[in-house]
Amino acid sequence: MEDPQPATPVGGVDYPVTFGQFQDWFSTDEACLDYLARVRWPEGFICPKCGSIDHWRTGAGLWMCKACTRRTSVTAGTIFDRTRTPLRTWFAAIWFVTSQKNGVSALGLQAVLGLSSYETAWVWMHKLRRAMVLPDRELLWGTVEVDEAFIGGITRGTAGRGTNKIPVMIAAENLGKSRIGRIRLEPTPPAKLALIDFATRVVTPGSTIKSDGAQELRRLSKLGYDHKYYTQLGSTIPAHVNLPAVHMVASQLKRWMIGTMHYGASQEQFAYYLDEFTFRFNRRTSKSRGQLFNRLMHQAAHTAPHPLKTLVIPENDPDFS
Ligand SMILES: [Zn+2]
């Protein structure tokens, strides 16, 4: 029987479906460079200086413009910029991060890739998380539940386990019959009207927003939304009955934070963990994990590099001590 997948994949079009295929396609750095070039320049190389498309390939992933001789690195301007690690190790990282349903921790990534230091694995996980920030920013629509939940970050200190709860704003499409569509999550900033600002940024006007009736959200009906709310005061109906989608998302998020994270996310990094959770949640019904690989590869190729100094290493991470 003929293999339906091509022997030479086109970046941005073909993606590996199985690990065997991944290994076949990306066995050399050269193959990874070709693939990345197609992801970055789907229409072919265009010189960023003069706009010419005529070019030579020179060594080490450089494209040289025939018109102006400028050399362009295929990794410049991506999260792979200036990496000293072979590109195929990065590709493997993206494969492992996306092929595991619940993701991997930095420790898990270090083990599976055989990285020499935990710090490297930690930085890679955070670079990849930042590439997940870009997921399709189409607004939610239909019937959308909006609420706030408190998620416990677990910290391992000398005094043992403690919890510090972080407020998270959740918007979730309720498709009916206990089905949830797409979600958006953000840590609640310490600002007034944060929840209504969030709701109006992530939900399409004209949608129905369901909430627990927080005072600030009542203005939604004046802003083009059909706002339905349930007041808890004097109600005997528990909140999870009125807002089942947000409560389902909150409980899955709590489980994920505990199950995948080996230490509590610091306040600064928390937003990126929420992005990873959102990235996975919104693609949980993808037929193939390869679709997530494809998506993350695309976003990694279009995400500015994040040098180590811009990543804040958590003080409470015992693995750094
Ligand atoms: Zn040029």
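Pop a pseudo-label 7 angstrom from the Cα along the beta-carbon direction at both Arg84 and Asp29 and give the gap in nm to one decimal.
Here the answer is 1.3 nm between the modelled labels.
In Å, the Kirkwood hydrodynamic radius of the range 49-109 over pairs of distinct alpha carbons? If you can, show how the numbers build up before the last one.
Numbers: mean 1/r = 0.0722 Å⁻¹.
Evaluated on the range 49-109, it is 13.8 Å.
Just to be sure I understand the model, the point goes 7 Å from the Cα along the line to the Cβ. What's the resulting Thr285 to Lys254 distance in nm?
It is 2.6 nm.
Figure the gain on full extension for Val133 and Asp197 (residue separation times 0.36 nm, minus the Cα-Cα span) and round it to one decimal in nm. Write down the numbers at each step before the final one.
Details: separation 64, 0.36 × 64 = 23.04 nm, distance 1.89 nm.
This chain segment gains 21.1 nm when fully extended.
Which FRET efficiency value, to the nearest 0.05, is calculated for Tyr230 and Lys101 with the Förster distance at 25 angstrom and r the Cβ-Cβ distance? Provide the component values of the computation, followed by the final result.
Details: r = 33 Å, r/R0 = 1.33.
My answer for the efficiency is 0.15.
Give a residue-ordered list of calculated ³J(HN,Hα) values for the range 16-29 (Karplus: 6.51 cos²θ - 1.76 cosθ + 1.60, θ = phi - 60°; whole Hz; x for Gly, Pro).
Couplings: x, 9, 10, 5, x, 5, 4, 5, 5, 6, 10, 7, 10, 5 Hz.
Treat every Asp and Glu Cβ in the range 1-134 as -1 and every Lys and Arg Cβ as +1, leave all other atoms uncharged, and give the resulting dipole magnitude about the Cα centre to the nearest 20 debye. Provide the component values of the computation, followed by the final result.
Numbers: 14 positive and 11 negative charges, 141 e Å.
Around 680 debye, computed over the range 1-134.
Would you report the distance distribution of C-alpha pairs in the range 8-91 as whole percents per 10 angstrom bin, up to the bin with the largest distance?
17, 48, 28, 6, 0
If you project the alpha carbons of the range 69-147 onto the principal axes, what extent comes out on each, in Å, largest first?
For the range 69-147, the Cα spread along each principal axis is 49, 41, 19 Å.
All of the numbers you see were taken from the coordinates with simple rules; none came from a lab. Predicted model only: the values in this text are computed from it and were never measured. Cβ atoms come from the backbone with ideal geometry, glycine included; neighbour counts cover every protein chain shown.
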